[in-house]
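The values are calculated or read from the model by the stated rules, or taken from the named source; none is laboratory data. Since we're looking at a predicted model, the values are computed, not measured. Don't worry about glycine lacking a Cβ; one is built from the backbone with ideal geometry, like all the others, and counts go over all protein chains shown.
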Amino acid sequence: MIRNLLHITRNNINQKYNLKNIYTQQNIYNNTKSLINKQFKNFSSKNSKQSAGRSAESNIKQLIYLVKPEFKYFVAAAILHGIAAAFLMYIPKVIPGNSLFNTEIKFTYGRRFASTDLGNRIQFRLRNRLYTNLIQRDAEFFYRKDISTANFVHKLSNDVSVIGNSLSMDLFFGFRGMF
């Protein structure tokens, strides 16, 4: 009789608190969290102190990994940035009627267009991978009460925007600073 009572009590607890479901939700959360940490580990503020100690070579390898699918656009943007920077540095603007000014404007436009296009391509690829991964999650993941799915997706989308803008614009500003 005590054995039956324990069995009934255990079943009631499992049904009431749905312990198996909680364990599954925790598993899904941990898997998603580890995937996000792997994908964006160097772009969070927590890891900025850790990544500061890393070598520049490992950071460059990670940048190359993110830019690799759009490498030809990256090279085109780098060349246009180099030419536009050379025009800005070496052509005097004091001379009136300088015919090279129009050429400088064309290269500056090309540089901005190529950088923006590169950033948009990187953002599209990262968002596509992120949303594909989120869509493949179980429905339980989206109905958890401890995680606001909208807030979660919003933060991830903003992180992708920051990554795309950093790789398209800030990287080339550093490149221009080398001249």
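Summary of computed values
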quantity	calculated
Total residues in the range 113-122, condition surrounded by fewer than 17 Cβ atoms within 10 Å (Cβ to Cβ) and closer than 14 Å to Ala76 by Cα	3
Residue in the range 151-161 that is over 17 Å from the mean Cα position of the chain (by Cα), more than 21 Å from Ile64 (Cβ to Cβ) and modelled with pLDDT of 75 or more present	no
Residue identified as modelled with pLDDT of 80 or more and in a helix (DSSP H, G or I) among Arg112, Arg176, Arg137	Arg112
Count - residues of the range 114-139 that are under 11 Å from the mean Cα position of the chain (by Cα) and within 17 Å of Phe152 (Cβ to Cβ)	4
Qualifying residue in the range 81-98 (condition: closer than 20 Å to Asp170 by Cα, at pLDDT below 80, in a helix (DSSP H, G or I) and among the aromatic types (Phe, Trp, Tyr))	yes
